[in-house]
């Protein structure tokens, strides 16, 4: 665990002593903030330390001032920080175990160095205990923080749909933007794909110093796991509060493996272990070869995001693979504590059908197909078969609405998000759409039986207009897989080019 320490003028003398104790416990230690001075304002030290936690560069912090009170007040003004003063070991470990505190504040004029050392040992040795009452109370604390910045995203989460960010770039970690989105915009998860990373690495110099080695694919996974590991740490509270059904980040296996189940399994298991975070998901394209890989990865305890699903047929195939993996775990005497999402792509349906379906059904086919998947999800995970799994600790696979930004500038920028609010589901939203929904989105209903019937009507109308919906779903999936391969190759070429440029300098 990475531990960061900072102090004002009253705390600097004890800082090194406590840093040595943290190091002796096997932790990686960082010292930030002022290093000397007769008068050091405590908010400056608090800001330096909290910035490291907000950026995901540290997991816990220790702030030192004369009484501990000022540091506590300052630290708790920052998004995602839960700071408390402890001058006894009981409080030091209980505030972590019960309340998921991530910052300890100490008053160096209240206790001596020996007592402070024991308190630090208790604080750093404790872990949050995700029992029901602690998770419930922690969620209530999070809700209090979010209530300060009420916006339409609160309505979406209140309706039962989790908000994930479909974007990653190192600067939103470094400057605390992601931490702010988590605290203020209800973000509880994050997805990535080769296109997102290609734009992030090719479009900035943020990664240049970290690019080293001679194999572009290995370099990429180093960079991605560093970014996504930090994001996963920031989202760990959402994972704990939800009992392992939210708070995830996604890392995709090489798109070149879409038709190779055996190597997908091998790479997925290796990446999951390498990341070392329980809330990381391995993304697997939902191609016809996917069920074998999904089932085996789930059986081996790997969380899976099955992506590039476009219709009900593809979705059911993905859900069935997840359930088989869980059933195999239970038959083998293993626990059912694995999580999965099935990512249904929405907006890509509408552009290729715009000239075919007429005004009555324009821009409605993607919503209709996702709505049919929602009906199937309710049927599958409400079945007696899954209830038997649930009784043994199994988690419902969540339907994830993906590709929910509008491509046509004449359409409302929040169209797909507003249309697909659903209980026990997720919407992964690009950054621009997230900010737009926070500004002017609305939630007027959640998906139900009336929407299912309307979806059937829209799809029947599109088919009557000449759209081969089933055939188009297969075509869109194949094109999506090809696009990810193209982005992957562009990404690796970007890394190779940057390696050459860096070597030349």
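Here are some notes:
- For the stretch 252-342, the normalised intensity computed at q = 0.18, 0.19 Å⁻¹ comes to -0.69, -0.77 (log10 of I(q)/I(0), Debye sum over alpha carbons, equal scatterers, no solvent).
- Normalised by residue number, the volume inside the convex hull of the Cα atoms of the stretch 361-410 is 64 Å³ per residue.
- Theoretical FRET efficiency, 1/(1+(r/R0)^6), r = Cβ-Cβ of residue 209 and residue 17, R0 30 Å, to 0.05: 0.35
- DSSP-defined beta bridges in the chain - what % are antiparallel, rounded to 5: 0 percent
- Per-residue ellipticity at 222 nm, computed for the chain from helices alone with -39500 (n - 2.57) per DSSP H run of at least four residues, works out to -16500 deg cm²/dmol.
- Where labels lie 7 Å past Cα in the beta-carbon direction, separation of residue 171 and residue 118 in nm: 4.9 nm
- Length added when fully stretched, residue 444-residue 263, from 0.36 nm per residue minus Cα-Cα: 60.7 nm
- Length gained on full extension, residue 132 to residue 36, computed as 0.36 nm times the residue gap minus the Cα-Cα distance: 30.1 nm.
- Rounded if a/c under 1.5, otherwise prolate or oblate - the stretch 133-211, Cα gyration tensor axes: prolate
- The chain: angle of helix 469-504 to the longest principal axis, Cα-based, in degrees nearest 10: 40 degrees
- Stretching residue 356 away from residue 486 to a fully extended chain increases their span by 44.0 nm, per 0.36 nm per residue minus the current alpha-carbon distance.
- The chain: angle of helix 365-381 to the longest principal axis, Cα-based, in degrees nearest 10: 70 degrees
- Range of Cα positions in the stretch 2-125 per principal axis (Å), largest first: 34, 31, 25
- Note on the stretch 81-177: Rg/Rh from C-alpha atoms, Kirkwood Rh, equals 1.08.
- Base-10 log of normalised Debye intensity for the stretch 441-489 (one unit scatterer per alpha-carbon) at q = 0.27 Å⁻¹: -0.91
- Helix 12-24 axis, angle to the chain major axis (alpha carbon atoms, nearest 10°): 60 degrees
- Ratio Rg/Rh [Cα only; Rh per Kirkwood] for the stretch 260-412: 1.04
- Taking the chain and dividing mean pair separation by its residue count, relative contact order in percent (alpha carbons under 8 Å, at least six apart): 13 percent
- For the chain, the C-alpha radius of gyration sits at 1.03 times the compact-globule guess of 2.2 N^0.38 Å, with N the residue count.
- Computed on the stretch 188-303, the Cα convex hull volume stands at 106 Å³ per residue.
- Note on 241, 32: ascending count of other Cβ atoms within 10 Å places them as 32, 241, the fewest first.
- Across all directions, the average flat footprint of the convex hull enclosing the Cα atoms of the stretch 314-380 is 5.2 nm².
Values in this text are rule-based calculations from the coordinates and carry no lab data. Nothing here was measured: the structure is a model prediction, and the numbers come from that model. Cβ atoms come from the backbone with ideal geometry, glycine included; neighbour counts cover every protein chain shown.
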